[in-house]
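Visitor: First the structure, which I've put down as C-alpha cells, then a few questions once you've had a look.
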Amino acid sequence: MNLETKTGNIQDCLQNQAAFCTAACPFGLDVRDFIEKMQRGAFNAAYRLYLNTVGFPGIVSALCDQPCQGVCPRRVTDEAISLRRLEAAALNYARNTEPNNYNLPPKNKKVAIVGAGLSGLACALRLASRKYDVTVFEHSNRIGGHLWEKLPPEVFLPEFERQFMHETTTLRLETEVTSLADLPFDAIYVATGAGGNDFGLVSDPNGAFASTTPGVFIGGSLTVGNTSGSNMQALADGLNVVAAIERYLKVGSMNQPRETLSTKLTLDPARVERSEPVYPADGLAYTRDEAILEAKRCLRCSCDACVRFCDLMHYFKKYPKRIAEEVELTIHPGTLDGNGTIATRFISTCNQCGLCKEICPMDIDTGEFLLQNHRIMREKGAMPWAFHDFWLRDMEFTNGSAAQLARKPAGTVQSKYAFFPGCQLGASAPQYVTESYRWLLGQSPDTALMLQCCGAPAEWAGDEKIHAEVLAQLRENWLELGQPTLVFACPTCKQKFGRYLPEIPGVFLYDLMFAAGLAPAIAGDGETVSVFDPCASRDEPELQQNIRQMVDLAGFNRQPLPLEGKQAACCSWGGQVSTTNPRYAREVVSARITQNDLSYVAYCANCRDIFAVSQKPVYHILDLMFGLHGPNRVPPTLTERRNNRIRLKAQLLSEFWEGESPMEPEKSPIKLTIPPEVRQKLSDDTLLEPEIARVVEHCERSGRKIQHPESGNFSGHLQIGNLTYWAEYHPTEDGFVLVRAYSHRMSIDEAVSDRK
C-alpha cells in the first residue's frame, strides 16, 4: 500500500514524538503519562512511574535543575509547569514509597562498578534489580560522591537505603582500584566522577558508554564533567548504561546504539490559552489540591492537532498511522475472499475537506490517502454501492436532460464568461441562479450558462470511470461554448475544476460582484453575524476577504469563528458521508452550528441548507446581495431540490431562450399526502417522494400489500433499481396518506413469496 499522500508520508506522522519536556529530561521521563496521573490525583501511580524512571526519586526531586522549564510552551504565555514541585508532591502523597521487589532468578554474570557516586550506585541498583552479581568499589570511606557537596546526608543516605532495601550488592569502601585487569568480572562500569581515574580508557564512538576495551564501559561525571546539571546526567548515565552492559553480557557486543532523545514537535504559542501558575500556600510544597491544579495547567504537549481539529480523526480517536494500518488490512485482508471490512465504512466517512493536511506539521493529507484507497476498493468491487448510490443517481439526474443546460445567449458567437452555478445553488433556491445570471448578463451580455454537476459525487464515490465521463462532458460543453472563463458560485466546483480541468480558467461570482461595487440589497442594521467559510475556500483568501467586506457593506457586524480561513472546517456535506455514517454527519453539523449563537452568512448553498435543517439561522451571501431571503428560510427536501432544478431550467429557457419546451417535474401517479415530519424524514433518509408514490401505486394496483390489524394501515414494497422500498400508508377519500417509508438493499423473490 502506498503511504505517500500528495504532500507527506503517513510514516512521518509525529504522533509518538516525545513532549518537549521529555526530550529535554536526561531521564526521558514520560511527562505526559506522569501528568495525566497527577491530574486525576493518582499520586501513587505517578510516583511509581517516576521511581521506575529516575531510580532515586528523593534525590532527583531535590536536585534536578529542571531543563524541562526551558522548553515548556507555557513559559511564553504565563509560566512553565513546576514539574519538580509536582514530582515532590508525588513522593509526599504516594501511599507506598517502597521500591518494587522483583522475584527473579539470579544471573551467573558478575559486574564490577568502580565508583560509588550517583552514577555508579544508579547502575548498581538497576543491575541488582535484574539479579546480576554486582560489586561496587569505592576508594573513599563513604558513598554518594559529589552529593555530599549538594545535599545534607540525611536526605540522600536514607534514599539509597530505601531503594536498595530489596537488592543484594557487595560494597567495598576504601578500596582503590589501580588496574582494571585485576578485576575478574564479566563487565566493568567505570564511574569515578569528575577528575577521577579513567584508567587510560578510550571511548568507542560505535557504542553507547563503550570503551575500546571489551567489556569495559565509562560514564557519569567522569565523562559529562562537574557542571550544572551534571549530577542528573551522571545518574541517568548510570541507569542507561545497564542496557549496554546487558547487551555485552548476552551477545558479546559493545555496539549498543546510542539513544538521543529529541522531538520534532511544534507548537504555536499563540494557541496556548493563559492559565495562572499555582504556588504553594506555605511557600514550600504543594498540597494535594494545589498539585492537581498545577498539573491541570500542563498542555501534555503532543502532535495531536489532527485528532483535535479533523472531525473524522476526532470522532474515531484515530491517528494517521492507525488509520493506515486499518486501511492496509482492508485493502489487503488475510481472508479467503480477499475482501476486508475493517475500515470500509471509515474510508467512506471522510469529508475530503483538506483540514487534516492544513494543520499537520508534516503536511500529511490523510483525506487524500483515504480517497486513493476508496478508488482501490471501488475498483475491486469491495465498496458497498449503497454508500454513494443515491448521490451518483442524483448527479446523473442533474447532468441529464431534465436539468442540464449549456447555452450561449441567443445571437452570441463568442462568450467571454460562462456562469457555472453548480448543481446545488439552484436546487436550494432557483432565484439564486436566475438573479445572478441576470446580473452577469448586465455586466457582460455575452455570458453563457452551464447548468451541470462538477463531478464531485463521482470523485467522492471513488468511481473513476463515471468521474472521467463527467469531466469529459464538462470539457466538451466548455469547448462548444468557445472556451469561456467560468464564473463559479460554488467553491467546491472551482476546486474540482482546478484539480481535474486546470486548463479551464475560472473566477468567483462574488469576486466579480465585489469588484463591480454591487451594493447589498439587505440592510443588516448592526446585527452581529459570523461568516462561515466553506472548506473548499481554504486556499481562496481573496474570496474570503471579499465576502467579509460584502457583509460589512450590508451593515452587519462580524464575529470570527474558531475555525475559519485557512482552517475552515466542513459543514458535513463533503464526501456526502450522511448516507455512509449518519451519526457522524450529525456530529459534524452540531460541531459547526454550536460555535456560537449568532446567525451565519454562508457562500456555499450546501453549508447554508445543512445548517438550516438544524434550525441554525443562516443567510446565503446572495440573500444579502439581492434581498432574497432571511436567515430562517426552510431548506428544501431532496425531492424539492430535484424539482427546483427542473423548474430552474424551465425558467431560464423561458426567460432567455424563448420557445424551448422544458421537462416538467415528475407528477405522482396517485394523490399521496405526506405530512411535513414524514417528508423531512424521507429527505434525511435520501428517499424521493415520487419513488415512494410508485410503491403505494404498485401496492394498490397489484394488491400486493398487507394490512396492520391494530392501525388498519397498509404496507407494501417495490424494488426500484438496486433498492427495495417499503411504504406504510392509509387511504383517504381522495387518495392516501403516507405514515412512513424506508428502503434496504435486499431483494425479495416475488415468485417464492407467491408459492408460499
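Visitor: Applying the selection to segment 252-264, what residues are modelled with pLDDT under 90 and not basic (Lys, Arg)?
Guide: GLU259, THR260, LEU261
Visitor: To continue, here is another question. Do we find a residue being surrounded by fewer than 21 Cβ atoms within 10 Å (Cβ to Cβ), under 30 Å from VAL529 (Cβ atoms) and in contact with a helix residue (DSSP H, G or I) (Cβ under 8 Å, 6 or more places away or on another chain) anywhere in segment 671-679?
Guide: yes
Visitor: On the given criteria, is GLY229 modelled with pLDDT under 95 and over 25 Å from GLY28 (Cβ atoms)? It would help to see each step written out before you state the result.
Guide: Details: modelled with pLDDT under 95: yes; over 25 Å from GLY28 (Cβ atoms): no.
When the stated conditions are applied, GLY229 does not pass them.
Visitor: When the residues of segment 262-278 are filtered to those that are in contact with a Ser or Thr (Cβ under 9 Å, 6 or more places away or on another chain) and within 20 Å of VAL31 (Cβ to Cβ), which remaining residue is surrounded by the fewest Cβ atoms within 10 Å (Cβ to Cβ)?
Guide: The extreme case among them is GLU273.
Visitor: Out of the residues in segment 374-412 that are of a type in the set (Lys, Arg) and assigned to a helix (DSSP H, G or I), which is nearest to ARG745 (Cα to Cα)? Don't jump to the end; show me each part of the working.
Guide: Taking segment 374-412 first, the residues of a type in the set (Lys, Arg) are 375, 378, 380, 393, 407-408.
In the following step, the residues that additionally are assigned to a helix (DSSP H, G or I) were identified as 375, 378, 380, 393.
Numbers: ARG375: 22, ARG378: 18, LYS380: 20, ARG393: 16 Å.
Top of the filtered list is ARG393.
Visitor: Tell me the residue from VAL487, VAL507, VAL470, VAL529 that is modelled with pLDDT of 95 or more and not assigned by TED's automatic domain parsing to the domain that holds GLN424, please.
Guide: Numbers: VAL487 fails: not assigned by TED's automatic domain parsing to the domain that holds GLN424; VAL507 fails: not assigned by TED's automatic domain parsing to the domain that holds GLN424; VAL470 fails: not assigned by TED's automatic domain parsing to the domain that holds GLN424.
Residue meeting the stated conditions: VAL529.
Visitor: Additional query: Could you list, in sequence order, all residues of segment 404-423 that are among the small types (Gly, Ala, Ser) and at pLDDT 95 or above? It would help to see each step written out before you state the result.
Guide: Applying the first criterion (among the small types (Gly, Ala, Ser)) to segment 404-423 yields 406, 410-411, 415, 418, 422.
Across segment 404-423, the qualifying residues are ALA406, ALA418, GLY422.
Visitor: Quick check on segment 286-302: of everything there that is part of a loop (DSSP other than H, G, I, E, B) and modelled with pLDDT of 95 or more, which residue is farthest from SER82 (Cα to Cα)?
Guide: THR287
Visitor: Hey, another quick one. Just one of VAL60, VAL76 is modelled with pLDDT of 95 or more, part of a helix (DSSP H, G or I) and hydrophobic (A, V, I, L, M, F, W, C); which is it? Give the steps one after another, and end with the answer.
Guide: On the way: VAL76 fails: modelled with pLDDT of 95 or more.
Only one candidate qualifies: VAL60.
Visitor: Okay, next question. When you go through (1) more than 16 Å from ASN231 (Cα to Cα); (2) outside any strand (DSSP E or B) one by one for VAL134, which number turns out not to apply?
Guide: Exception for VAL134: condition (2).
For every residue, the table says whether it meets (1) crowded, with 17+ Cβ neighbours inside 10 Å; (2) outside the structural domain of LEU118 (by TED's automatic domain parsing); (3) part of a strand (DSSP E or B); (4) touching a His at 6+ places or on another chain (Cβ under 6 Å).
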| residue | (1), (2), (3), (4) |
| --- | --- |
| PRO158 | no, no, no, no |
| HIS166 | no, no, no, no |
| ALA181 | no, no, no, no |
| PRO184 | no, no, no, no |
| TYR189 | yes, no, yes, no |
| ALA194 | yes, no, no, no |
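Visitor: Hey, among the residues in segment 418-450 that are closer than 14 Å to LYS494 by Cα and in contact with a strand residue (DSSP E or B) (Cβ under 6 Å, 6 or more places away or on another chain), which one's surrounded by the fewest Cβ atoms within 10 Å (Cβ to Cβ)?
Guide: Looking only at segment 418-450, we keep the residues that are closer than 14 Å to LYS494 by Cα, and these are 418-425, 450.
Those still in the list that are in contact with a strand residue (DSSP E or B) (Cβ under 6 Å, 6 or more places away or on another chain) too: 418-420, 450.
Values: ALA418: 25, PHE419: 23, PHE420: 28, MET450: 21.
Only one residue fits best here, namely MET450.
Visitor: If the Cβ limit is 7 Å and pairs must be 6+ apart or interchain, which residue in segment 607-632 that is under 15 Å from ALA489 (Cα atoms) pairs with which residue that is among the basic types (Lys, Arg)?
Guide: HIS620/ARG608
The values are calculated or read from the model by the stated rules, or taken from the named source; none is laboratory data. Please read all numbers here as calculations on a predicted model, not as lab measurements. Note that we place each Cβ from the backbone using ideal geometry, even for glycine, and neighbour counts take in every protein chain shown.
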